[in-house]
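The values are calculated or read from the model by the stated rules, or taken from the named source; none is laboratory data. Source: prediction; values computed, not measured. Reconstructed Cβ throughout: ideal geometry from the backbone, glycine too, with neighbour counts over all protein chains shown. When the accessible area is computed, the model is the full protein with side chains, heavy atoms only, and any ligands, DNA or RNA have been set aside. Shrake-Rupley method; radii C 1.70, N 1.55, O 1.52, S 1.80 Å.
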Amino acid sequence: MNITILFGTESGNSELVAEDLGAELGAHHDDVEVRDLQSFDPSELSAERFYLVICSTHGEGDLPNTAIPFAEAFDAAPPELAGVRYAMFGLGDMFYEETYSQGSEHLDRRFAERGAVRVGEYGRHDASSWDLPSDAALAWLPGVLAAASVPA
Ligand SMILES: Cc1cc2nc3c(=O)[nH]c(=O)nc-3n(C[C@H](O)[C@H](O)[C@H](O)COP(=O)(O)O)c2cc1C
C-alpha cells in the first residue's frame, strides 16, 4: 500500500506525530511519504494512495499555519476526490472546550464534501492529557490500518 502522511502544524507536534507514524509504517511498507501540507497541492490527492492526515488546531478552532495554504488552494480549485481514502487525527486541547480539535475538522469537511471517504476512527489528541501525541497516534494506527485493510 502506498501511504502519504500529511501534516498541518504550528508548533511542531503534528510534524513529530507524522514522522513517528512514518517511521512505524516505513518498517512494513515500501512507499511511505511524510509531507507538510504547506508544500502539498490538493490536486496531488490520488485514489492510488492511502492518506493519514495529522492536523492541529490554533486560534479559535482554526487551522494551523502550515495547513492554511492547502485549504486556500483546495477552495480555489476543489479537487475531485471520489475513490480517495483517508484517516484523520486531530490535535487539540480540551482546555479550549467547544473548539476542541476543530482544526482537523476543517480539512475533514473539505475532503468529505469532495467525495473522499474517511476510514477508521477519528483520532484525537488532547494536549491537556498525560499522553504524548505520538503515543496516542501510534495506538490509533492499528485500528485504522485494519479498517483500511492495510497490513500492519
Ligand atoms: C494560541 C493557541 C491556540 C490554540 N487554540 C486551540 C483551539 O482553539 N482548540 C484546540 O483544541 N486546541 C487549541 N490549541 C492547542 C493546540 O492545538 C495543541 O497544543 C496542539 O498539540 C498543537 O499542535 P502543533 O504543534 O502541531 O501545532 C491552541 C494552542 C495555541 C498555542
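Within segment 59-74, restricting attention to residues that are open to solvent by less than 50 Å² (accessible area, probe 1.4 Å) and not in a helix (DSSP H, G or I), which residue is farthest from the ligand (Cβ to nearest atom)?
Per the stated criteria, the residue is L63.
Answer with yes or no whether E98 is more than 16 Å from the ligand (Cβ to nearest atom), at pLDDT 95 or above and open to solvent by 10 Å² or more (accessible area, probe 1.4 Å).
Against the criterion (more than 16 Å from the ligand (Cβ to nearest atom), at pLDDT 95 or above and open to solvent by 10 Å² or more (accessible area, probe 1.4 Å)), E98 does not qualify.
Contact list please: Cβ distance under 7 Å, first residue in segment 1-28 and without any contact (Cβ under 8 Å) to a residue 40 or more places away in the chain and within 16 Å of the ligand (Cβ to nearest atom), second residue open to solvent by 30 Å² or more (accessible area, probe 1.4 Å) and among the β-branched types (V, I, T), pairs at least six apart or on different chains.
A18/V34; E19/V34; G22/V32; G22/V34
Among the candidates A127, A47, which residue alone is open to solvent by 30 Å² or more (accessible area, probe 1.4 Å), under 23 Å from E24 (Cα atoms), over 13 Å from the mean Cα position of the chain (by Cα) and touching a residue at least 60 places away in the same chain (Cβ under 8 Å)? Break it down into steps so the answer makes sense when it comes.
Working: A47 fails: touching a residue at least 60 places away in the same chain (Cβ under 8 Å).
Answer to the selection: A127.
Taking the stated definitions as given, is Y86 more than 11 Å from the ligand (Cβ to nearest atom) and open to solvent by less than 10 Å² (accessible area, probe 1.4 Å)?
Values: more than 11 Å from the ligand (Cβ to nearest atom): yes; open to solvent by less than 10 Å² (accessible area, probe 1.4 Å): yes.
When the stated conditions are applied, Y86 passes them.
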